[in-house]
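Please treat every number below as a calculation from the coordinates, not as lab data. Bear in mind that the values here come from a model prediction, so they are computed numbers and not experimental data. Neighbour counts are summed over all protein chains in view; Cβ atoms, including those assigned to glycine, are modelled from backbone coordinates with ideal geometry.
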């Protein structure tokens, strides 16, 4: 996952605007009005703008918190608490209890119950065991796959390396014509494909920023056997994840919002959905029929896309469930396994789909608040087990894209995804 946070003024230090697309829409326009009202200390106007942004992006957690923040500043304390309770019902916390702007809200009788709910939210959930732990704290893992022998393939954002690990660590590729390593999958022939991009977090990225592509590697020899470079039509492009079906590879560009299809046999790259279609598409996975892709838009939620014509449907989601902030996305029968690191607390969940595949009917939390979590990202399903990167360290990069000392090496956790019912 690639995030592009912009922070301006004290208001932006509290709320992060993820500006993945340059095109204006109702949400970004309302958000701009909200910021302008904040800077003028016109808090009633700020509430109006926050409500408009929520209308433009219904149930979006960031918009909900913006509304609670604006209501608190405007003296609408009871409304502010009610909005915070809406977030809590989704299992989301924005640290309001530590912000001075909510001082009057904290005086309300219902605040104690709200805080009790927040405390309960941070209780550990799920049994997760360590499947692999390595020593290199600067590796910064993202992509992950499992080969037939049970060895893990891991890709690095910071070093641009691709390794195989199962006790011993074997270096397969050390930036051999590629850049940071993102999502990866094996094809039917046993070759490993991975998405790669030159992101600012890549050590010594130089002037390559913005370049991205798909690469195929022979894991037996470490040779790169295919390069598919995405035409650079934007300053920043990141193919962040991929999924393979026969001859076709589908990949999302998390910064431009496009969805691409690459035909292996004909070596042809085509655009299935144009840039700007999504806010920030991340993980993707086929439905049971193979005729549709589920795509996780980090700021827009879950969509189902037809591979035949690119038509898409926004999944219907109950208000008490949030499908925002999803990075990795996978399928387990009629459930979607998702890693949510764009909301707090971070979690691994299983969304139960409706019979027609167009709605989320329920959710199971498989793991949350694990002591080894440090921005979990991508994973892989094997049987009834889900293996995932627990500590990507994306949140550890400073403004100069450098990392602190003493970070833990890559940790892969394993959770059972079999229903306990």
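Points worth noting:
- Angle in degrees between helix 26-39 and the longest Cα principal axis of the chain, rounded to the nearest 10: 50
- The ranking of 292, 393 from fewest to most other beta carbons within 10 Å of each one's beta carbon is 292, 393.
- Set of the stretch 127-164 residues, backbone N closer than 12 Å to the point 7 Å along the Cα-Cβ line of residue 170: 147-153, 163-164
- Each label point was placed 7 Å from the Cα along the Cα-to-Cβ direction; for residue 356 and residue 288 their separation is 1.6 nm.
- Square roots of five times the Cα gyration tensor eigenvalues for the stretch 48-120, Å: 19, 15, 9
- Once the Kirkwood radius over Cα pairs is known for the stretch 263-412, the Stokes-Einstein relation at 20 °C and 1.002 mPa s delivers a diffusion coefficient of 129 µm²/s.
- For the stretch 112-199, fraction of C-alpha pairs farther apart than 16 Å, in %: 60
- Taking only alpha carbon atoms, the chain gives an Rg to Rh ratio of 0.96, where Rh is the Kirkwood radius.
- Against the main long axis of the alpha-carbon atoms of the chain, helix 61-73 sits at an angle near 20°.
- Highest mean first, the peptides 361-368, 170-177, 77-84, 150-157 sorted by other C-beta atoms within 10 Å per residue fall in the order 150-157, 77-84, 361-368, 170-177.
- Per-pair calculated FRET efficiency, R0 = 22 Å: residue 220 and residue 135 via Cβ, rounded to 0.05: 0.30
- Shown for 384, 241, 374, 309: other C-beta atoms within 10 Å of each C-beta, ranked fewest to most, produce the order 309, 384, 374, 241.
- Helix 111-121 axis, angle to the chain major axis (alpha carbon atoms, nearest 10°): 10
- Ordered by the number of other Cβ atoms lying within 10 Å of each residue's own Cβ, fewest first, 149, 251, 306 fall into the sequence 149, 306, 251.
- Estimated distance in nm for a label pair at residue 233 and residue 419, the labels positioned 7 Å out from Cα along Cα-to-Cβ: 4.2
- Separation of the residue 148 and residue 107 label points, Cα + 7 Å toward Cβ, nm: 7.1
- Percentage relative contact order, the chain, counting C-alpha pairs under 8 Å, at least six apart: 14
- Separation between Cα centres of the stretch 137-193 and the stretch 344-396, rounded to whole Å: 20
- For the stretch 373-421, convex hull of alpha carbons as volume per residue, Å³: 76
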